[in-house]
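Visitor: Provided herewith is a single structure, encoded as structure tokens, for subsequent inquiry.
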Amino acid sequence: MTDPALLVELRRVSYRFGADLVLDEIDLALAEGERLALLGPNGGGKSTLVRLLLGLLRPASGTVERRSGLRLGYVPQFPAFDRHFPVRVEEMILQGRLRDRRRLLPRAASRARDRLLVDEVVARLELGPLRRAYLTELSGGELKRALVARALVAEPELLVLDEPTAALDEPSRRAFWALLAGLPERTAIVLATHDLDPETFLPMRAALVDRRLEPLEVGGLHAHPLVCGHGHG
Amino acid sequence: MATADTTLFASAAAALGVTPAALAAAMLASLLCGFVGTVVVLRRLVALGGGIAHAAFGGVGLAMLLGFDPRLGAGAVAVFAAAALSPLRRERLAHQDAAIGVLWAVGMAVGMLLLSGTAHGDMDVEAILFGDLAQVRSQDLAALAALVFAMIGGLLLFGRELVATAFDDEHAELQGLPVGALSFVLLLIVALSVVALLTLVGIVLAIALLAIPPLVALRLFRSLPAIVAGGCAVGLLLTVGGLALAARLATPAGPTIILLGGLVLGLVHLVPHRTLHPGRREQPSG
């Protein structure tokens, strides 16, 4: 990558779904601590761009580079897993620590730290009464909060949220924005949403995704420079 | 002491009307039902496992043609099919079910074609398709035991990573796990389990024996360890019970085991969910 402060850099990235060109020559760079809102209509390519950023999709052309060992947290719009899988909420959240638990026999201290992190995030997201519940027992909003918890216990350098407030009621939305506002400044956030909520939005830069990526000035949001990537929100 | 145990085991087998080797094979198979079967059901690999099993029949035909042990041919083709299908599954192809169906049919067609032009010797094609416990020899048991314990050892050693991959492979990939390799290992274990079960229930019924016990256990238990343990217990009940029934009724063992499994699965589904799990408050998906 051209700049060591960058976490992710996309250069002239295009993506096709069959014959349809979903994203066309996207340039985007994200540095530590940046906060970027990706706005745009349904079908404009926000989720595809998010998945390219994460490395879950390969571009048809162009390059995507991520900093080696980048710690990622991701809250998908639609989870890829089967809710009938016999996993309790706290077990799913603990999977956010997998990167740090890859030793065959993790040390007791490391396990204790993982537990502590899970306890802290569970308390902040008010998931305490649900931690022993199975995923089939959760409402859509509760599952979303559990997914946010899993992303946060990973202590991500880049937190990617795809329509994170879609299933949340108003109090949960406000709590969610307050939670994001309280994250460490060094945590970069990419938020994809079609539902702009300026009153509760964090100070963020914004870009419009509708096959192409354009800097956007809207409400209290400022246009993202897209490729310079050094400004903080 | 060991002799006393051996005698006790032989007496138990005699009481059930089966050979000690068949009883031991059934017990080993029940471990696969719990450990591997749970993976098969939770990862939704039943169709894929069935495809691999039937593709393995092509390997049986090829091995017979070339003069090898048919189980080696089945094993080689099963491993090859797992390697070929693992990336297809990761790409979440829209027509994956059609690909599995084609593999299923082509494997059977190749096997039948090759066997039709080959002298079978003492090999019974029906035994390959539906199993024949009379063919289990004590020297086969050591190989079966080694295979079963190696697979279970692998599942236990990398349990956390394999469960994470089976549950949500996207998230596991973001956490830096080698998801491609882990998915292949899971499919490889399924493929080898199918081959291991050939003697017991044959190619046609192997995947059903892997799937039915964990499906019963899923109905009865909620935590993953309980489902695995329950799958082993139900597997033991079905294999040993099926063997005893087959001996008593003079019916083929493989189909008897599977029909008993179907009956037990049907019975546990007659009990309402709320009766089994009264604390549950299920939400609609989405």
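Visitor: Being part of a helix (DSSP H, G or I) and within 7 Å of another protein chain (Cβ to nearest Cβ) is the filter here, so list the residues in region A:87-97 that pass it.
Guide: Within region A:87-97, the first condition is being part of a helix (DSSP H, G or I), and the residues that meet it are A:89-97.
A:Gln95 - this is the single residue of region A:87-97 that is part of a helix (DSSP H, G or I) and within 7 Å of another protein chain (Cβ to nearest Cβ).
Visitor: Quick one: is B:Val195 surrounded by fewer than 23 Cβ atoms within 10 Å (Cβ to Cβ) and under 15 Å from the mean Cα position of the chain (by Cα)? Explain how you work it out, then say what you get.
Guide: Values: surrounded by fewer than 23 Cβ atoms within 10 Å (Cβ to Cβ): no; under 15 Å from the mean Cα position of the chain (by Cα): yes.
No: the conditions fail for B:Val195.
Visitor: Another question about this same structure. Just one of the numbered conditions (1) outside the structural domain of A:Ala178 (by TED's automatic domain parsing); (2) of a type in the set (D, E, K, R); (3) out of contact with any strand residue (DSSP E or B) (no Cβ under 6 Å at 6 or more places or on another chain) is not true of A:Arg132; which one?
Guide: The one condition A:Arg132 does not meet is (3).
Visitor: Starting from residues that are more than 14 Å from chain A (Cβ to nearest Cβ) and not hydrophobic (A, V, I, L, M, F, W, C), keep the ones in region B:136-157 and report whichever is nearest to the chain's Cα centre (by Cα). It would help to see each step written out before you state the result.
Guide: Filtering region B:136-157 for residues more than 14 Å from chain A (Cβ to nearest Cβ) gives B:136-152.
So of that shortlist, the ones also not hydrophobic (A, V, I, L, M, F, W, C) come out as B:137-140.
Values: B:Arg137: 20, B:Ser138: 21, B:Gln139: 21, B:Asp140: 17 Å.
Of everything passing the filter in region B:136-157, B:Asp140 is nearest to the chain's Cα centre (by Cα).
Visitor: I need the full set of residues from region A:46-72 which are over 23 Å from A:Arg16 (Cα atoms) and more than 8 Å from every other protein chain (Cβ to nearest Cβ), in order please. Explain how you work it out, then say what you get.
Guide: Our first condition is that a residue be over 23 Å from A:Arg16 (Cα atoms); within region A:46-72, this holds for A:67-72.
Once the filter is applied, which keeps residues that are over 23 Å from A:Arg16 (Cα atoms) and more than 8 Å from every other protein chain (Cβ to nearest Cβ), region A:46-72 yields A:Arg67, A:Ser68, A:Leu70, A:Arg71.
Visitor: Could you figure out which of (1) closer than 20 Å to A:Leu213 by Cα; (2) surrounded by fewer than 19 Cβ atoms within 10 Å (Cβ to Cβ) isn't true of A:Ala37?
Guide: Condition not satisfied by A:Ala37: (2).
Visitor: Same structure, new question: So, of the residues in region A:6-37 that are small (Gly, Ala, Ser) and over 19 Å from the mean Cα position of the chain (by Cα), which turns out to be nearest to A:Asp195 (Cα to Cα)? Can you show your working first?
Guide: Step one: filter region A:6-37 for residues small (Gly, Ala, Ser), giving A:14, A:18-19, A:29, A:31, A:33, A:37.
If we keep only those that are over 19 Å from the mean Cα position of the chain (by Cα) too, we end up with A:14, A:18-19.
Details: A:Ser14: 25, A:Gly18: 28, A:Ala19: 28 Å.
Looking at the filtered set, the residue picked out is A:Ser14.
Visitor: Please indicate, with yes or no, whether at least one residue in region A:104-123 is among the β-branched types (Val, Ile, Thr), in contact with a strand residue (DSSP E or B) (Cβ under 7 Å, 6 or more places away or on another chain) and outside the structural domain of A:Pro4 (by TED's automatic domain parsing).
Guide: No, region A:104-123 contains no residue that is among the β-branched types (Val, Ile, Thr), in contact with a strand residue (DSSP E or B) (Cβ under 7 Å, 6 or more places away or on another chain) and outside the structural domain of A:Pro4 (by TED's automatic domain parsing).
Visitor: Say we look at region B:205-215 and pick out the residues that are away from chain A (no Cβ under 14 Å) and out of contact with any Pro (no Cβ under 9 Å at 6 or more places or on another chain); which of these is nearest to B:Ile128 (Cα to Cα)? Talk me through it step by step, then tell me what you get.
Guide: From region B:205-215, those away from chain A (no Cβ under 14 Å) are B:205-213; that's our starting set.
Cutting the leftovers down to out of contact with any Pro (no Cβ under 9 Å at 6 or more places or on another chain) gives us B:206-213.
Working: B:Ala206: 11, B:Ile207: 14, B:Ala208: 15, B:Leu209: 15, B:Leu210: 17, B:Ala211: 19, B:Ile212: 20, B:Pro213: 22 Å.
Ranking the qualifying residues of region B:205-215, first place goes to B:Ala206.
Visitor: Could you go through region A:38-53 and let me know if any residue there is within 16 Å of the chain's Cα centre (by Cα), without any contact (Cβ under 8 Å) to a residue 24 or more places away in the chain and closer than 27 Å to A:Arg186 by Cα.
Guide: Applying the first criterion (within 16 Å of the chain's Cα centre (by Cα)) to region A:38-53 yields A:38-39, A:45-53.
Checking the rest, the ones that are also without any contact (Cβ under 8 Å) to a residue 24 or more places away in the chain come to A:51.
Those left that are additionally closer than 27 Å to A:Arg186 by Cα: A:51.
Yes; the residues of region A:38-53 include at least one that is within 16 Å of the chain's Cα centre (by Cα), without any contact (Cβ under 8 Å) to a residue 24 or more places away in the chain and closer than 27 Å to A:Arg186 by Cα.
Residues are listed down the side, and each one gets a yes or a no for (1) buried (at least 23 other Cβ atoms within 10 Å of the Cβ); (2) within 20 Å of A:Leu127 (Cα to Cα); (3) among the basic types (Lys, Arg); (4) touching a Phe, Trp or Tyr at 6+ places or on another chain (Cβ under 9 Å):
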position: A:Ile26; (1), (2), (3), (4): yes, no, no, yes
position: A:Pro41; (1), (2), (3), (4): no, no, no, no
position: A:Arg58; (1), (2), (3), (4): no, no, yes, yes
position: A:Val64; (1), (2), (3), (4): no, no, no, no
position: A:Ile93; (1), (2), (3), (4): yes, yes, no, no
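Visitor: Another question about this same structure. Which numbered condition trips up B:Val18, out of (1) assigned to a helix (DSSP H, G or I); (2) closer than 30 Å to B:Ala247 by Cα; (3) of a type in the set (Val, Ile, Thr)?
Guide: Failed condition: (1).
Visitor: Which of the residues spanning region B:66-82 are surrounded by fewer than 21 Cβ atoms within 10 Å (Cβ to Cβ) and modelled with pLDDT of 85 or more?
Guide: Hits for region B:66-82 are B:Leu66, B:Leu72, B:Ala76, B:Val79, B:Phe80.
Visitor: Taking into account only those residues within region B:170-192 that are touching a Gly at 6+ places or on another chain (Cβ under 9 Å) and over 30 Å from B:Gly254 (Cα atoms), which is surrounded by the fewest Cβ atoms within 10 Å (Cβ to Cβ)?
Guide: Per the stated criteria, the residue is B:Gly176.
Visitor: Which of the strands (runs of 3 or more DSSP E) contained wholly in region A:1-86 include at least 3 residues that are under 30 Å from B:Thr38 (Cα atoms)?
Guide: On the way: elements: A:6-17, A:20-31, A:35-39, A:61-66, A:72-75.
Hits in region A:1-86: A:72-75.
Visitor: Another one. When the residues of region B:222-252 are narrowed to those that are more than 16 Å from the chain's Cα centre (by Cα) and of a type in the set (S, T, N, Q), which ends up nearest to the other protein chains (Cβ to nearest Cβ)?
Guide: This residue is B:Ser223.
Visitor: May I ask you to list pairs of residues, at least six apart or on different chains, whose Cβ atoms are under 6 Å apart, with the first in region B:3-26 being in contact (Cβ under 8 Å) with a residue 40 or more places away in the chain and the second being surrounded by 11 or more Cβ atoms within 10 Å (Cβ to Cβ) and not in a helix (DSSP H, G or I)?
Guide: Cβ pairs passing all conditions: B:Ala21/B:Val136; B:Ala22/B:Val136; B:Ala25/B:Val136.
Visitor: Only one of A:Asp82, A:Asp114, A:Asp119, A:Asp100 is more than 12 Å from every other protein chain (Cβ to nearest Cβ) and surrounded by fewer than 20 Cβ atoms within 10 Å (Cβ to Cβ); which? Outline the logic, then answer.
Guide: On the way: A:Asp82 fails: more than 12 Å from every other protein chain (Cβ to nearest Cβ); A:Asp114 fails: more than 12 Å from every other protein chain (Cβ to nearest Cβ); A:Asp100 fails: more than 12 Å from every other protein chain (Cβ to nearest Cβ).
From the options A:Asp82, A:Asp114, A:Asp119, A:Asp100, the qualifying one is A:Asp119.
Visitor: Sort through B:Arg219, B:Arg160 and tell me the only one that's surrounded by fewer than 24 Cβ atoms within 10 Å (Cβ to Cβ), at pLDDT below 90 and within 14 Å of chain A (Cβ to nearest Cβ).
Guide: Of the residues listed, the single one that is surrounded by fewer than 24 Cβ atoms within 10 Å (Cβ to Cβ), at pLDDT below 90 and within 14 Å of chain A (Cβ to nearest Cβ) is B:Arg160.
The values are calculated or read from the model by the stated rules, or taken from the named source; none is laboratory data. The structure presented is a predicted model; accordingly, all values stated were derived computationally and were not measured. Positions of Cβ are backbone-derived with ideal geometry, glycine not excepted, and every protein chain shown enters the neighbour counts.
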